[in-house]
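Please read the structure below before turning to the comments.
The values are calculated or read from the model by the stated rules, or taken from the named source; none is laboratory data. As the structure is a prediction and not an experimental result, all values here were calculated from the model. Ideal geometry is used to build each Cβ from the backbone, glycine not excepted, and the neighbour counts take in all protein chains shown. With ligands, DNA and RNA removed, areas are computed over all heavy atoms of the protein, side chains included. Shrake-Rupley method; radii C 1.70, N 1.55, O 1.52, S 1.80 Å.
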Amino acid sequence: GRPALARRIGGEGRSRQVLLVEPNDGAGGRGLTITQRDVRELQLAKGAIRAGIEILLKELDATPEDVKVVYLAGAFGNYIAPQSALTIGLMPAFPNARLEPIGNAAGTGARMALLSRTERENATAILAQVQYLELSGRPDFQEQFAEAMLF
């Protein structure tokens, strides 16, 4: 009920937090809280990622239906459930794509390039095909970013 929920809400001044897991119930005897700052950081990351995806699709004159595979890289991509990423709007629904968490893609690629001349040559060949797209200076990025921060 309300008293149980009210005792989980805390913080000082304007900064609020919610206790999700009691200290006695958490791993190692530690509780788990989520703060307003945590939510804001997620909101900013989500906005930037989603805006980047939308602009890349626009630049490629593609739609989410055209995408066949989405690789979710890094710790965030490795630990977020793909359905959760879709639910919060981190990315558009890609109806024809396989969502694949791949972990530390940069570290794995670096190891491959260091250990194999063939992989290093493959990486160099890919580099010649890559086109850099600066998002921060684009007028449409700010608009897309602001829209994408909403949950």
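So if we plug the beta-carbon distance of Q131 and A93 into 1/(1 + (r/R0)^6) with R0 = 35 Å, what FRET efficiency do we get, rounded to 0.05?
Values: r = 26 Å, r/R0 = 0.74.
With a Förster radius of 35 Å, E is 0.85.
Annotation: Y71 carries an accessible surface of approximately 130 Å², with a 1.4 Å probe and no ligand, DNA or RNA atoms counted.
Please give the net charge around A110, taking every other residue with its beta carbon less than 11 angstrom from that of A110, where Lys and Arg add +1 and Asp and Glu add -1. Before the final figure, lay out the partial values.
Details: positive: R111, R120; negative: E119.
Counting the neighbours of A110, the net charge comes to +1.
Show me the GluC sites (Glu not before Pro) within segment 46-151 that DSSP assigns to loop and that have at most 16 other Cβ atoms within 10 Å of their Cβ. Mind showing how you got there, number by number?
Values: sites: E54, E59, E65, E119, E121, E134, E143, E147; in loops: E134.
Filter output for segment 46-151: E134.
In this simple spin-label model, placing a label point 7 Å from the Cα along the Cα-to-Cβ direction at both E65 and V18 gives a separation of 3.7 nm.
Accessible surface comparison of F145, F76, probe 1.4 Å, protein chains only, largest first: the order is F76, F145. At the residue level, R138 shows approximately 40 square angstrom of accessible surface with a 1.4 angstrom probe and all protein chains present.
With every protein chain kept in the model, how would you rank D38, D25 by accessible area, 1.4 Å probe, largest at the top? If you can, show how the numbers build up before the last one.
Details: D38 75, D25 115 Å².
Accessible-area ranking of D38, D25, largest first: D25, D38.
Separation of segment 88-127 from segment 1-74 is 24 Å, based on Cα centroids. Specify which labelled value, from [x] 47, 44, 26; [y] 47, 38, 30; [z] 61, 40, 30, agrees with Cα extents along the principal axes in Å derived from the coordinates of the model shown. Only one option fits the structure, namely [z]. About its Cα centre, the dipole of the chain is roughly 680 debye, where the only charges are +1 on Lys and Arg Cβ and -1 on Asp and Glu Cβ.
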